[in-house]
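The values are calculated or read from the model by the stated rules, or taken from the named source; none is laboratory data. Computed from a predicted structure; not experimentally measured. Virtual Cβ from ideal backbone geometry, glycine too; neighbours counted across all protein chains shown. For the accessible areas, the whole protein counts, side chains as well, though only heavy atoms, and no ligand, DNA or RNA atoms are used. Shrake-Rupley method; radii C 1.70, N 1.55, O 1.52, S 1.80 Å.
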Amino acid sequence: MSMTTEQRITLHGFNNLTKSLSFNMYDICYTKTKEEREAYIAYIDQQYNADRLTSILKKVADIIGAHVLNIAKQDYEPQGASVTVLVSEGPIEQAPEESFEESPGPLPEGVVMHMNTSHITVHTYPEYHPDEGISTFRADIDVSTCGEISPLKALNYLIHSFDTDIMIIDYRVRGFTRDIYGHKLFIDHEISSIQNYIPPEVQDLYQMIDVNVYQENIFHTKCKLREFDLNNYLFGYTKDTLSKEEQLDIEKSVKWEMDEIFYGKNMVFA
C-alpha cells in the first residue's frame, strides 16, 4: 500500500501502529570432547555477556531514535544472559523520508528517528549435545516500536553485531492508525520483503527463503551461509590436524545440524 507524505503527516493523534522485529541467530560449532564443549560455552558466555548485549541494544535504540528509560540485565548460571530495555520516543516530531524507504539501515552514526514508548529485548541460549559433538549458540532479539520508524532499520546493525551462521527474521505490523478524515491505515510504509533491508553484500553470503503473508502484514525470512569452511566450525584447532575421513564426518555432521535449524525440522542423517 503506497503512503503519501500527506498521509504520514496528517494523522489523527498518535500513530498507533505496532511494528515488531524478531531477529533469531545461530552460531554452530563442532566440539568433540567435554572439555571443548565447556570451553566453547565459556567463550560464548564471555563474548555475549549481559554488558556486551546491553551495549548492542543501546546502539539499536540510537538507530531507531529512542531514549532509554530503564535497563534490566542478567547473566545466568550455568550459561546465558538476558537484557530488556524500555525506551521512549526520540526528540523530533517527524521521521525523515528515508525512514520509509525499503532499504538497509545504518551501522549507527547518531541517527535520530521518531518512535514512541516500546521495548528491546535479547535472550541468549548456549547449548550442546552431550554425545553428538555439536554445540550451538542462539540469540533471540525483539525490537518492538510504536510510531513511524520501522525497527527493520536496526537489522543491518544487528547482523553485523553477531557471528551468524543462520538467521531467522520475522517482522509484523499490527493494529491501525487513522488519518484526519478517520480513514484507517494498517501499515504506514511499503515493504515487499525483509531481504530489502539487508545490504547486497550480506545477501550474497546467504541462501535465503521468504514466507510472506502480505494481506496480514507478516513477513518471514530465513538465511543460511552459502560457503562452508570447516575451519570456521572447529574450536581451538584447524582441519589440517584431522584426517580426511574425520574432516568429511565433521563437515557432514555440522551441515546436517545447520539444515535442521534452517528448515525447522528433524532430518534423517544418511
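So the check is Cβ under 8 Å with 6+ separation or different chains; which pairs have a first residue in the stretch 178-207 that's over 15 Å from L155 (Cβ atoms) and among the β-branched types (V, I, T) and a second one that's open to solvent by 80 Å² or more (accessible area, probe 1.4 Å) and not in a strand (DSSP E or B)?
That search, which allows pairs on different chains as well, returns I180/H12; I187/M1.
Matching residues to (1) open to solvent by 40 Å² or more (accessible area, probe 1.4 Å); (2) at pLDDT below 90; (3) within 27 Å of M258 (Cα to Cα):
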{"residue": "N24", "(1), (2), (3)": "no, no, yes"}
{"residue": "Y30", "(1), (2), (3)": "no, no, yes"}
{"residue": "T33", "(1), (2), (3)": "yes, yes, yes"}
{"residue": "Y43", "(1), (2), (3)": "yes, no, yes"}
{"residue": "Q46", "(1), (2), (3)": "yes, no, yes"}
{"residue": "L53", "(1), (2), (3)": "no, no, yes"}
{"residue": "I56", "(1), (2), (3)": "no, no, yes"}
{"residue": "A61", "(1), (2), (3)": "no, yes, no"}
{"residue": "G65", "(1), (2), (3)": "no, yes, no"}
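Answer yes if at least one residue in the stretch 193-205 is open to solvent by 30 Å² or more (accessible area, probe 1.4 Å), among the aromatic types (F, W, Y) and either touching a strand residue (DSSP E or B) at 6+ places or on another chain (Cβ under 6 Å) or assigned to a helix (DSSP H, G or I) (or both), and no otherwise.
No.
Give the stretch 141-156 a look and list any residue that's of a type outside the set (A, V, I, L, M, F, W, C) and surrounded by 19 or more Cβ atoms within 10 Å (Cβ to Cβ), or say none.
Matches in the stretch 141-156: T145, G147, E148, S150, P151, K153, N156.
To keep it simple, each residue is scored yes or no on (1) in a loop (DSSP other than H, G, I, E, B); (2) of a type in the set (V, I, T); (3) crowded, with 16+ Cβ neighbours inside 10 Å.
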| residue | (1), (2), (3) |
| --- | --- |
| H160 | no, no, no |
| D163 | yes, no, no |
| G182 | yes, no, no |
| D188 | yes, no, yes |
| H220 | no, no, yes |
| F228 | yes, no, no |
| N266 | yes, no, no |
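Give the stretch 17-55 a look and list any residue that's of a type in the set (V, I, T) and without any contact (Cβ under 8 Å) to a residue 12 or more places away in the chain, or say none.
Answer for the stretch 17-55, where residues must be of a type in the set (V, I, T) and without any contact (Cβ under 8 Å) to a residue 12 or more places away in the chain: just T33.
Pairs please, first residue from the stretch 240-257 and free of Cβ contacts under 8 Å to residues at least 40 places away in the same chain, second anywhere and outside any helix (DSSP H, G or I) and of a type in the set (A, V, I, L, M, F, W, C), Cβ atoms under 6 Å, 6+ apart in sequence or on different chains.
Once the first residue is free of Cβ contacts under 8 Å to residues at least 40 places away in the same chain and sits in the stretch 240-257, its partners that are outside any helix (DSSP H, G or I) and of a type in the set (A, V, I, L, M, F, W, C) give W256/F269.
Any residue at all in the stretch 237-248 that is in a strand (DSSP E or B), surrounded by fewer than 18 Cβ atoms within 10 Å (Cβ to Cβ) and touching a helix residue (DSSP H, G or I) at 6+ places or on another chain (Cβ under 9 Å)?
There is no residue in the stretch 237-248 that is in a strand (DSSP E or B), surrounded by fewer than 18 Cβ atoms within 10 Å (Cβ to Cβ) and touching a helix residue (DSSP H, G or I) at 6+ places or on another chain (Cβ under 9 Å).
Report yes if some residue within the stretch 168-177 is open to solvent by 80 Å² or more (accessible area, probe 1.4 Å) and part of a strand (DSSP E or B); otherwise report no.
Yes: one or more hits.
Given the structure, is T84 farther than 13 Å from H123 by Cβ and surrounded by fewer than 20 Cβ atoms within 10 Å (Cβ to Cβ)?
no
Collect the residues in the stretch 87-97 that are surrounded by fewer than 17 Cβ atoms within 10 Å (Cβ to Cβ) and either in a loop (DSSP other than H, G, I, E, B) or at pLDDT 85 or above (or both), keeping them in residue-number order.
Hits for the stretch 87-97 are P91, I92, E93, Q94, P96.
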